Amino acid sequence: MIDNVPSTFSVGTVLESVFEHFRDGSGMFFRILIAPGLFSAVSGALILRLVPGIGASEATADPLETLKALGPLMISFFVFWVSGTLVGAAALGAMVCAVEDMPRSSGAGGSAVRAWSRAGRHLPAIAGVGGIYAGMTLAGVGGSTLMGGALGGVSGLIHPLLVVISLPVIFAGLLATLVLLVRYAVAVPACVREGAGPLAAMRRSATLTRGHRMAVAVCLFVTLLVNYVVSILLQGPFLLAGWFISGNAGAPGWVVVLQTIAGGVGHAVGGAFVLIGVAVLYEELSRFAPSGAAGA
């Protein structure tokens, strides 16, 4: 960690600490996240492969038929979204443990097995927070997307003005989701570090982020941007290769396997920045927020 503790919460301090942690423990973080990363990549590949695409002719068909065609996609999306959120929350718990151990182990001495073992002791609470995250994002992002898709898909049957009117509603739903995610960004660390239950951890996160939410949002945005860039750099060449080889016909199996492996590695490397960011945010916010029992 940083030796000179700042007197105020600083975005620069958080991001500097994130990159220092990644530099010192990148191997351990990769071992922690490779399995969740592969899960995410395989889930994405399955949802694209197992569910037939909805063609333009289907999108303008009878609304009931359109809903029937979208049914398998919506169910698959729901299953993968919820399971992915739960796996991500568990991975965040392990990363919080790893980041906490690093000052005592001088970075390289941390253990991925130890981090997962410690996080496992809090798994019910972590799963509870993950379920709340999944519900918030499904209600906000998923609901907004479905509304936009439904209105856009049957625009021939509904006055185009309704599509325009729906845009502020969709934007409001997305904005509300982002606000809630920032407010409750450090709930999982509160589960692990303070032994809080799901609801107590959400309250603790709201307390910790109060007065710093814009700075928290900036930190999360930067780490998410790094995650996106790293993922594109690692997986992009394989995606382009698949497109050049087969165009729109679908990449051959061996290319899909390489794409999936590269995607898993990308999620593991890039995702480390996001999860380290959340862990460091918790540590830094704890310096400047009221202390006390998380369950209070």
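The values are calculated or read from the model by the stated rules, or taken from the named source; none is laboratory data. No experiment lies behind these values; they were computed from the predicted model shown. In this analysis, Cβ positions are derived from the backbone assuming ideal geometry, glycine residues included, and neighbour counts consider all displayed protein chains.
Worth pointing out:
- Test for residue 29: is it out of contact with any strand residue (DSSP E or B) (no Cβ under 6 Å at 6 or more places or on another chain), in a loop (DSSP other than H, G, I, E, B), modelled with pLDDT of 70 or more and crowded, with 16+ Cβ neighbours inside 10 Å: no
- Restricting 59, 45 to those that are over 23 Å from residue 81 (Cα atoms) and modelled with pLDDT under 90 reduces the list to 59.
- Pairs with Cβ under 7 Å, 6+ apart, first in the stretch 199-227 and in contact (Cβ under 8 Å) with a residue 24 or more places away in the chain, second among the acidic types (Asp, Glu) and surrounded by 15 or more Cβ atoms within 10 Å (Cβ to Cβ): 204/194
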